[in-house]
Amino acid sequence: MDAERTTILVEAARLYYEHGLSQQQIARRLGVSRPGVSRMLQTARDQGIVMITINDPTTGGKRLEQQLIEQFGLREAVVVPGDSGNYRQVQKRLGQAAAQMLDRLANDGLTIAVSWGTTMQAVAGSVGDRQQKNMTVVQLNGGISRAEFDTHASEIAKEISKKYGAIPYLLPLPAIVDSKTVKDAITSDRNIGRTLELARQATVAMFTIGSFGRHSVLVKAEYFNDVEVDQLLADGAVGDICSRIIDKSGKICSNSLNQRTIGIELNEINDKSWSIAVAGGERKLAAIRAGLQGKLFNTLITDEWVATRLLSAD
């Protein structure tokens with residue numbers, strides 16, 4: 001095949017496979033007929049210019065899931081396709097996988113406790129309409145921001161409740177208050193206390209894991225001033241679960257801060273039959289690893305990129 005012909009075949013192949021143009025668009029650009037483009041693409045494949053590889057994500061995912069279960073003593077693991085380059089797509093897949101797990105676990109009389117965050121928004125948006133009898137969805141932790149930054153905490157629990165025809169119990173409160181005295185006064189309220197007790201009794205808890213740094217959700221929501229952020233980072237903070245800040249070993253970073261946080265305790269979350277963490281993406285790797293080290297959940301839904309690095313690092 002002469003060089004000029006090869007150049008045209010390569011150009012047609014790039015336009016089709018890399019740039020996503022239709023055969024008709026390529027025909028107009030190259031000044032040939034659409035059937036001519038089809039023949040060129042076939043020739044490019046026949047000549048080895050184009051080589052198509054099909055990767056079945058379920059094969060690698062199932063292997064990683066089993067390795068995560070064995071390595072970290074998990075009850076269950078779900079690994080979705082993904083890499084470090086497209087977090088929005090990964091988050092969407094995480095939401096879909098978590099919603100599928102909720103659908104599998106949902107039954108009459110079940111109580112599900114949920115946290116908030118953009119990943120949990122993806123979960124709520126992916127849950128299908130499925131009416132259950134006497135089902136309850138309860139908010140795990142406070143989430144009203146002291147700034148204009150909206151955490152959408154109550155909306156997530158309400159949306160999941162609506163999809164299942166469940167009764168929602170909400171915590172229309174800040175995630176963190178100014179003192180333990182204030183927290184004790186708030187949580188002594190009969191209705192708030194009842195909601196927290198329902199969260200403790202829930203069979204299923206589903207939550208995301210946040211990374212901790214100057215751009216973290218809790219920091220953007222102005223729950224900490226600069227001095228507090230500096231101190232938490234100096235104390236080794238890497239992430240949060242239900243607004244409770246943890247270090248790389250999965251231990252609470254600041255007891256005084258923990259005493260001001262509204263929601264059930266980490267050990268109460270992990271004691272559940274299903275304690276499900278839904279998190280992925282490169283920026284959350286250290287926080288997810290910390291949660292595993294601290295055995296803060298028994299089920300993990302994450303992506304291939306994170307799963308691979310969790311296993312290799314460990």
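For this structure, a couple of remarks:
- Checking each residue of region 57-74 against the condition of being exposed (fewer than 14 other Cβ atoms within 10 Å of the Cβ), farther than 30 Å from S275 by Cα and modelled with pLDDT under 80 gives no match.
- Close pairs (9 angstrom Cβ cut-off, 6 or more residues apart or separate chains): closer than 18 Å to R34 by Cα and assigned by TED's automatic domain parsing to the domain that holds Q42 in region 1-22, of a type in the set (G, A, S) and in a loop (DSSP other than H, G, I, E, B) anywhere: Y16/S22
- Any hit, region 155-167, residues being aliphatic (A, V, I, L, M), in contact with a strand residue (DSSP E or B) (Cβ under 9 Å, 6 or more places away or on another chain), touching a residue at least 60 places away in the same chain (Cβ under 8 Å) and within 29 Å of L285 (Cβ to Cβ): no
- Residue match in region 268-280 (condition: closer than 22 Å to I112 by Cα, among the charged types (D, E, K, R) and without any contact (Cβ under 8 Å) to a residue 24 or more places away in the chain): yes
- Restricting A205, A185 to residues that are of a type outside the set (S, T, N, Q), under 27 Å from C253 (Cα atoms) and buried (at least 20 other Cβ atoms within 10 Å of the Cβ) narrows the list to A205.
- Filtered residue count, region 235-278, keeping only those that are of a type in the set (S, T, N, Q) and surrounded by 20 or more Cβ atoms within 10 Å (Cβ to Cβ): 3
- Contact map, region 226-240: first residue over 12 Å from S211 (Cβ atoms) and touching a residue at least 12 places away in the same chain (Cβ under 8 Å), second residue among the acidic types (D, E) and assigned to a strand (DSSP E or B), Cβ cut-off under 8 Å, separation 6 or more or different chains; pairs are D235/D247; G236/D247.
- Selection status of I192, farther than 22 Å from L266 by Cα and modelled with pLDDT of 90 or more: no
- Search result, residues across region 111-138 that are of a type in the set (V, I, T) and in contact with a Phe, Trp or Tyr (Cβ under 6 Å, 6 or more places away or on another chain): V138
- Some residue of region 185-207 being under 21 Å from the mean Cα position of the chain (by Cα), under 14 Å from W116 (Cα atoms), assigned by TED's automatic domain parsing to the domain that holds G117 and among the aromatic types (F, W, Y): yes
- Scanning region 181-207 for residues that are part of a loop (DSSP other than H, G, I, E, B) and not hydrophobic (A, V, I, L, M, F, W, C) returns S188, D189, T203.
The values are calculated or read from the model by the stated rules, or taken from the named source; none is laboratory data. In this text, all values refer to a predicted model and were calculated from it rather than measured experimentally. Methodologically, a virtual Cβ is constructed for each residue, glycine included, from the backbone with ideal geometry; neighbour enumeration extends over all protein chains shown.
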